[in-house]
1. Contour minus end-to-end for Glu133 and Glu120, with contour as 0.36 nm per residue of separation and end-to-end as the Cα-Cα distance?
2. Volume per residue, Å³, of the convex hull around the alpha-carbon atoms of region 43-165?
3. In region 15-77, if every C-alpha pair distance is counted and binned at 10 Å from zero, what percent goes to each bin?
4. What nm value, rounded to one decimal, do you get for the distance between Glu110 and Asn162 when each label is placed 7 Å out toward the C-beta?
5. Could you tell me the center-to-center distance, by alpha carbons, between region 50-94 and region 97-155 in angstrom?
6. Antiparallel DSSP bridges in region 3-211: what percent, to the nearest 5?
7. In what sequence, highest mean first, do 191-197, 202-208 appear when ranked by Cβ atoms within 10 angstrom?
8. For region 94-226, what relative contact order do you get, as a whole percent, if you take Cα pairs closer than 8 Å and at least 6 residues apart?
Amino acid sequence: MPASIDEEGFKPVLEKHEAIFIGDGTKKQLYLTFDNGYENGYTSKVLDVLKEKQVPAVFFVTGHYIQDQPDLLKRMVEEGHLIGNHSWTHPDMTQISDDQIATELNRVKEQITALTPQKEVRFVRPPRGIFSERTLTVSRRIGYTHVFWSIAYVDWDTKRQNGWKYAYDKVVGQLHPGAVILLHSVSKDNAEAMGKIIDYAREQGYEFKRLDRISNPDRSLDPIDL
């Protein structure tokens, strides 16, 4: 179990609310996820690599991203990826009311389903990963599964990009069976390292699966083949 879950004491409450932070630790499968709060010019390149390599992902988007990049949202779904909910205004969800949480999530869902062929939004990632038992309960009540991660690194600071090799080393150095990988597509390093990360993981015997395969492993279609 990744130290970030066990050492910080999150595992029991996340499991209680059926949140996802890792897949089956006995299988060499990886789940690629991105947080998209705003566009920095690299998501198209990421999508190009994922299409070339036939790798599925989940993109967690905010209201700003939806309004600013509707064509990229459509492309994500058309190319077999899932769009997840990252809230409308990116607030600290623990500091707003139950009704406000519902509003934040519902606005995102309404726009995703209006703009794209995806008519169901099941996964949510809270802004900055901040949560409480209350926010887990409220989100679950309105139909969401929280998604956290077992691999991440400080990649969101656009002023602290260190080259593709830095991103590559940070990700491949943490690979483990069942990993849920969190990346930010604002990172130039991530975009340039993506193909090499995928190739290395596959050389090590890993497969990339779409996140909904964790809860539905017997699904007949390949994750990217919608």
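Please treat every number below as a calculation from the coordinates, not as lab data. A quick note: this is a predicted structure, and the numbers were derived from the prediction, not measured. Because the Cβ atoms are built from the backbone with ideal geometry, glycine has one as well, and the counts that use them run over all protein chains shown.
1. Numbers: separation 13, 0.36 × 13 = 4.68 nm, distance 2.42 nm.
Gain in length upon complete extension: 2.3 nm.
2. Measuring per residue, one finds 123 Å³ for the Cα hull of region 43-165.
3. Distribution as computed: 17, 44, 28, 11, 0 percent.
4. With each label placed 7 Å out from Cα toward Cβ, I get 4.3 nm.
5. 12 Å
6. Working: 1 of 24 bridges.
DSSP beta bridges in region 3-211 are roughly 5 percent antiparallel.
7. 191-197, 202-208
8. Values: 117 pairs, mean separation 24.1, N = 133.
Here the relative contact order equals 18 percent.
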